[in-house]
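Here is the structure we will look at, set down as structure tokens.
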Amino acid sequence: MKVTSLKSYLLSLCLLLTIPVLGLIYTQLNRAGEKTYSLVTDFDRQIPFIKWFVVPYLGWYLFLFAAFLYLAYRNREAYYNTIIQFNIGLLVCYGVYAVYQTYVPRPALAGDDLLLQLVQLVYRSDQPYNCFPSTHVLTSYLMMRTYLQAVNIPRLYVTAVTITSVLIIASTQFMKQHVLFDIVGAVLVAEAVIYAAKRFQPVWSGKPLVSGTPYGTWERSLK
């Protein structure tokens with residue numbers, strides 16, 4: 001990678017900081033409100049708790065970071081679009097949390113092996129509120145959709161991202177962090193964001209998501 005290309009690549013990665021900045025909003029919402037709602041169904045009650053799903057659940061952080069790094073390198077235009085979709089989707093989720101707070105009961109944990117300790121870590125750091133829609137599902141689904149649609153990405157990477165995304169989405173259920181409606185809500189938000197982003201994309205880039213062009217208006221603005 002040339003020096004100028006490396007500089008451009010590193011500058012483009014600065015946009016990733018918008019995601020943790022938006023996450024500061026969640027820290028203010030991650031507590032019990034005046035009223036909470038339950039979307040638990042009989043189907044959810046039938047789903048067993050499986051502790052090893054904590055691995056893909058926690059792997060979500062590394063997964064998104066690695067997927068963004070490669071996407072920024074391979075298809076810059078798709079990278080910018082995905083950042084925009086993430087930010088809009090997260091804002092929608094946080095808006096829902098502010099006005100419609102849901103609660104998911106957690107199982108009693110028996111044992112102290114490494115996997116259960118990791119589960120307890122998740123439970124301590126993330127309160128059982130603000131579950132609908134699931135941001136784990138939203139972001140994993142958006143990343144999977146991007147890799148499935150973007151050009152210039154080898155099939156191996158697409159397959160790896162797809163499988164990892166599905167495991168993370170499933171982990172939200174088997175970890176008892178979310179219920180079925182949380183997944184449905186997140187997918188609906190993601191699809192709405194994708195649709196809106198495609199409709200308004202010419203305003204900021206003038207190129208389609210699958211153009212495969214590594215540089216666009218966003219790229220030139222970072223140089």
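Numerical summary
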| quantity | calculated |
| --- | --- |
| Any hit, segment 26-37, residues being crowded, with 19+ Cβ neighbours inside 10 Å and under 23 Å from the mean Cα position of the chain (by Cα) | no |
| Qualifying positions in segment 162-182 - part of a helix (DSSP H, G or I) and closer than 13 Å to CYS93 by Cβ | ASP182 |
| Only listed residue being under 26 Å from ALA72 (Cα atoms) and out of contact with any Asp or Glu (no Cβ under 7 Å at 6 or more places or on another chain), chosen from LEU116, LEU148 | LEU148 |
| Residues satisfying the stated conditions in segment 107-125, i.e. part of a helix (DSSP H, G or I) and over 17 Å from the mean Cα position of the chain (by Cα) | LEU114, LEU115, LEU116, GLN117, LEU118, VAL119, GLN120, LEU121, TYR123, ARG124, SER125 |
| Of residues in segment 7-25 being within 14 Å of the chain's Cα centre (by Cα) and not β-branched (Val, Ile, Thr), the one surrounded by the fewest Cβ atoms within 10 Å (Cβ to Cβ) | PRO20 |
| One residue from ARG45, ARG31 being assigned to a helix (DSSP H, G or I), over 28 Å from ARG145 (Cα atoms) and not β-branched (Val, Ile, Thr) | ARG45 |
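Listed here are the residues, each with its yes/no results for (1) of a type in the set (A, V, I, L, M); (2) in a loop (DSSP other than H, G, I, E, B); (3) surrounded by fewer than 21 Cβ atoms within 10 Å (Cβ to Cβ).
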| residue | (1), (2), (3) |
| --- | --- |
| GLN127 | no, yes, yes |
| VAL137 | yes, no, no |
| LEU142 | yes, no, no |
| TYR147 | no, no, no |
| VAL151 | yes, yes, yes |
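Every number in this text was worked out from the coordinates using simple rules, so none of it is lab data. Predicted model only: the values in this text are computed from it and were never measured. Cβ atoms come from the backbone with ideal geometry, glycine included; neighbour counts cover every protein chain shown.
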